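The values are calculated or read from the model by the stated rules, or taken from the named source; none is laboratory data. As the structure is a prediction and not an experimental result, all values here were calculated from the model. Cβ coordinates were reconstructed from backbone atoms using ideal geometry, including for glycine residues, and neighbour counts include every protein chain displayed. To get the accessible areas, we keep the full protein, side chains included, count just its heavy atoms, and leave off ligands, DNA and RNA. Shrake-Rupley method; radii C 1.70, N 1.55, O 1.52, S 1.80 Å.
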Amino acid sequence: MANAYLQGVEISASQFLDIFHHYDNDGNGYIEGKELQNFVKELQQARKQAGLELTEQMKAFVEEYEQNADGKIGIVELVQILPTEENFLLFFRQQLKSCAEFMQAWRSYDADHSGYIEADELKNFLKDLLRKAGKQYDDKKLDEYTRTTLKIFDSNNDGKLCLAEMARLLPDQENFLLRFQGVKMAKNEFNKIFELYDQDGNGYMDENELDALLKDLCEKNTKVLDISKISTYKNAIMALSDGGKLYRTELALVLCADDN
């Protein structure tokens with residue numbers, strides 16, 4: 001089935017998802033190694049069988065990865081290669097080009113401040129995204145986009161997206177949350193850390209208090225955090241704040257382990 005979809009002039013959102021899951025054999029969110037080499041080979045075969053030339057994006061992709069056994073691509077990279085009809089993932093990247101913009105969008109669409117974007121909130125997000133892009137849509141298409149986005153990014157199948165899942169829409173180099181996965185802590189430890197760095201005990205952190213926390217985290221976790229990026233981390237995290245007041249629940253989205 002995936003091979004047949006690769007022969008299409010345009011690929012629907014649901015077909016794109018089927019292709020990704022077909023080649024992401026281990027379900028880790030990437031097409032890599034042997035998976036990627038198989039995809040490169042079958043992409044070329046499918047286009048030839050359909051009498052279609054490789055697009056310029058496809059040619060560049062094949063040239064880069066055909067002989068690269070260590071290559072790895074995520075879903076955002078794949079959407080740039082395939083001729084996807086409903087390319088709302090690229091609309092997202094065009095709208096939100098930085099970590100801080102992403103965090104601001106998260107705060108806007110997590111309307112109930114639950115720490116998750118649920119189906120209705122995601123639907124509103126996609127609706128606004130499509131309007132900004134000038135893309136025509138109807139309710140049926142909007143429902144399909146919502147279902148497909150959930151299927152792509154809802155890694156634990158709970159029907160909603162946490163911050164880390166939603167952040168997979170960003171390219172890896174912009175996704176600072178990937179780095180913070182390595183420093184997440186249990187709830188009890190997080191609460192102690194928050195109280196330690198909330199130096200005036202007012203129940204929230206300001207920029208200076210967050211700066212002190214990030215500096216210490218970077219110094220203690222040099223293998224995963226880059227101290228030269230403190231300002232980037234701080235700006236992105238403060239985008240979750242309420243008028244410069246970063247409350248415990250907002251910081252927990254970044255630093256607290258999901259299962260605690």
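Restricting attention to the stretch 241-250, and to residues there that are surrounded by 19 or more Cβ atoms within 10 Å (Cβ to Cβ) and out of contact with any strand residue (DSSP E or B) (no Cβ under 7 Å at 6 or more places or on another chain), which single residue is nearest to Ser98 (Cα to Cα)? The residue in question is Ser241. Here Gln95 meets each of (1) at pLDDT 80 or above; (2) surrounded by fewer than 16 Cβ atoms within 10 Å (Cβ to Cβ); (3) of a type outside the set (Gly, Ala, Ser) with one exception, condition (1).
Out of everything in the stretch 149-176 that is of a type in the set (S, T, N, Q) and modelled with pLDDT of 80 or more, what residue ends up being least open to solvent (accessible area, probe 1.4 Å)? Before the answer, list the steps.
We begin by selecting, within the stretch 149-176, every residue of a type in the set (S, T, N, Q); these are 149, 155-157, 173, 175.
Filter once more, keeping what is modelled with pLDDT of 80 or more: 149, 156-157.
On the way: Thr149: 3, Asn156: 93, Asn157: 129 Å².
If we take residues in the stretch 149-176 being of a type in the set (S, T, N, Q) and modelled with pLDDT of 80 or more, then Thr149 is least open to solvent (accessible area, probe 1.4 Å).
Taken over the stretch 177-232, residues that are surrounded by 18 or more Cβ atoms within 10 Å (Cβ to Cβ), under 11 Å from Leu255 (Cβ atoms) and modelled with pLDDT under 95 amount to 3.
Look at (1) basic (Lys, Arg); (2) in contact with a Leu (Cβ under 9 Å, 6 or more places away or on another chain); (3) free of Cβ contacts under 8 Å to residues at least 24 places away in the same chain and you find that Lys151 fails only one, number (3). Scan the stretch 6-56 for residues that are touching an Asp or Glu at 6+ places or on another chain (Cβ under 6 Å) and among the aliphatic types (A, V, I, L, M) and the total you get is 3.
Residue-wise test of (1) over 22 Å from Glu165 (Cα atoms); (2) polar (S, T, N, Q); (3) in contact with a helix residue (DSSP H, G or I) (Cβ under 6 Å, 6 or more places away or on another chain).
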{"residue": "Leu43", "(1), (2), (3)": "yes, no, yes"}
{"residue": "Gly51", "(1), (2), (3)": "yes, no, no"}
{"residue": "Thr55", "(1), (2), (3)": "yes, yes, no"}
{"residue": "Tyr65", "(1), (2), (3)": "yes, no, yes"}
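Kindly indicate the residue of the stretch 122-135 that is surrounded by fewer than 18 Cβ atoms within 10 Å (Cβ to Cβ) and modelled with pLDDT of 80 or more and also farthest from Val254 (Cα to Cα) among those meeting that condition. Per the stated criteria, the residue is Arg131. In the stretch 44-64, which residues are under 10 Å from Gln7 (Cβ atoms) and in a helix (DSSP H, G or I)? Selection gives Gln45, Ala46, Arg47, Lys48, Gln49. Of all the residues in the stretch 164-184, those that are of a type outside the set (Val, Ile, Thr) and under 24 Å from Lys220 (Cα atoms) number 13. Consider only pairs whose beta carbons are under 7 Å apart and that are at least six residues apart or on different chains; among these, list those whose first residue lies in the stretch 62-84 and is under 21 Å from Asn175 (Cβ atoms) and whose second residue is assigned to a strand (DSSP E or B) and open to solvent by 10 Å² or more (accessible area, probe 1.4 Å). Hits for this filter: Gly71/Glu32; Lys72/Glu32.
Residues in the stretch 19-31 that are touching a helix residue (DSSP H, G or I) at 6+ places or on another chain (Cβ under 6 Å) and surrounded by 15 or more Cβ atoms within 10 Å (Cβ to Cβ): Ile19, Phe20, His22, Tyr23, Ile31.
Look at (1) assigned to a helix (DSSP H, G or I); (2) farther than 17 Å from Pro83 by Cα; (3) of a type in the set (Gly, Ala, Ser) and you find that Gly27 fails only one, number (1). Scanning the stretch 159-197 for residues that are touching a residue at least 12 places away in the same chain (Cβ under 8 Å) and among the charged types (D, E, K, R) turns up Lys160, Glu165, Arg168, Asp172, Glu174, Arg179, Lys184, Lys187.
The single condition among (1) surrounded by 15 or more Cβ atoms within 10 Å (Cβ to Cβ); (2) more than 12 Å from Glu77 (Cβ to Cβ) that Lys34 does not satisfy is (1).
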